[in-house]
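Novice: This structure is in structure tokens; I'll ask about it shortly.
Every number here is computed from the coordinates shown, using simple stated rules; none is lab data. Predicted model, so just to flag it, every value in this text is computed and none were measured. For neighbour counting, all protein chains shown are included, and Cβ atoms are generated from backbone atoms with ideal geometry for every residue, glycine included.
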Amino acid sequence: MIAPPLQAKVPSHFGVVLGNGLLCRDQTSNRYYFDYMVRWFGQPYKREGGAYWFRTPEARLWGFAVREVIVSDETFPYRFVGAVADTTPDKLAEAITQRDGLRYAKITGSATPVREASTGGRIAYAERRSKIYCAKFKPLPPALR
């Protein structure tokens with residue numbers, strides 16, 4: 001494994017790799033995203049709630065600062081990749097629609113604002129920020145198929 005530089009810079013492909021993952025436009029392989037994050041940002045700073053948490057200083061997606069990226073671990077029932085952005089769900093959804101053409105619909109009946117795209121990606125409030133994520137069921141092991 002290649003150790004990241006002490007002052008890791010955000011790679012130029014961060015928006016393509018993570019952006020498409022968060023929009024559920026690709027397979028959601030937690031191993032792939034874990035390895036990607038370790039390579040470019042170093043080891044996760046915590047493991048909590050079924051996920052590895054990575055700090056992403058200076059990272060931006062859709063024009064907003066992204067402070068953390070989360071990747072599911074093997075204990076969580078879904079495979080997911082997520083990010084915490086410094087903006088509201090409405091503003092983040094609007095920026096994604098403008099830049100990528102993907103629209104988010106409001107989910108009714110939620111205590112906090114939640115938006116969902118046709119691809120399955122969601123945006124929800126995370127305190128004063130937004131959490132955008134793509135979660136998919138884990139496939140059955142070959143012996144159970």
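Novice: As an exercise, use a Förster radius of 30 Å and the Cβ-Cβ distance of residue 98 and residue 137 to find the FRET efficiency, rounded to the nearest 0.05.
Specialist: 0.45
Novice: Between residue 25 and residue 55, what length in nm is gained on full extension when 0.36 nm per residue of separation is reduced by their alpha carbon distance?
Specialist: Net length gain for the segment: 8.5 nm.
Novice: Another question, if that's okay. To the nearest 0.05, what FRET efficiency results for residue 46 and residue 125 with a Förster distance of 22 Å applied to their C-beta separation? Walk me through the numbers on the way to the answer.
Specialist: On the way: r = 21 Å, r/R0 = 0.95.
Calculated transfer efficiency: 0.60.
Novice: Can you spot the aspartates and glutamates whose alpha carbon is less than 13 Å from residue 131's alpha carbon? Ignore those fewer than 8 places along the same chain.
Specialist: 68, 86, 90, 116
Novice: Ratio to report: Rg/Rh of the chain, with Cα atoms as the point set and Rh obtained by the Kirkwood method; give two decimals. Each step should come with its number before you reach the end.
Specialist: Details: Rg = 15.1 Å, Rh = 15.6 Å.
So for the chain, dividing Rg by the Kirkwood Rh gives 0.97.
Novice: If you don't mind, another one. Before anything else, pin down the relative contact order of region 1-127: Cα pairs under 8 Å, at least 6 apart, normalised by residue count, whole percent.
Specialist: About 19 percent, as a whole number.
Novice: Follow-up. Looking at the chain as a GNM with Cα springs under 10 Å, which of 17, 69, 84 has the largest mean-square fluctuation?
Specialist: Of the options given, 17 has the highest mean-square fluctuation.
Novice: Based on Cβ point charges of +1 for Lys and Arg and -1 for Asp and Glu, what charge dipole magnitude is obtained for region 14-137 about its Cα centre, in debye rounded to the nearest 20?
Specialist: Dipole magnitude for region 14-137 comes out near 100 debye.
Novice: Here's a follow-up. Using the alpha-carbon centroid of each, what span in Å lies between region 81-126 and region 57-79?
Specialist: Cα centroid to Cα centroid, the span is 14 Å.
Novice: Counting other beta carbons within 10 Å of each Cβ, put 24, 134 in order, fewest first.
Specialist: Details: 24 21, 134 24.
Arranged by neighbour count, lowest to highest, 24, 134 become 24, 134.
Novice: At 7 Å along Cα-to-Cβ for each site, give me the label-to-label distance between residue 116 and residue 65 in nm.
Specialist: 3.2 nm
Novice: Please name whichever of 29, 40, 18 sits farthest to the positive end of the charge dipole of the chain, dipole taken about the Cα centre and charges placed at Cβ: Lys and Arg +1, Asp and Glu -1.
Specialist: 29
Novice: Turning to a different aspect of this structure: Report the residue, chosen from 19, 50, 109, that carries the largest GNM mean-square fluctuation when the chain is represented by alpha-carbon nodes joined by springs under 10 Å.
Specialist: Among 19, 50, 109, the largest GNM mean-square fluctuation belongs to 109.
Novice: Quick check: pseudo-label points 7 Å beyond the Cα along Cα→Cβ at residue 32 and residue 91, how many nm apart are they?
Specialist: With each label point 7 Å from Cα toward Cβ, the separation is 3.1 nm.
Novice: Over the chain, with a Gaussian network built from C-alpha contacts below 10 Å, which listed residue (107, 123, 96) shows the highest mean-square fluctuation?
Specialist: 107
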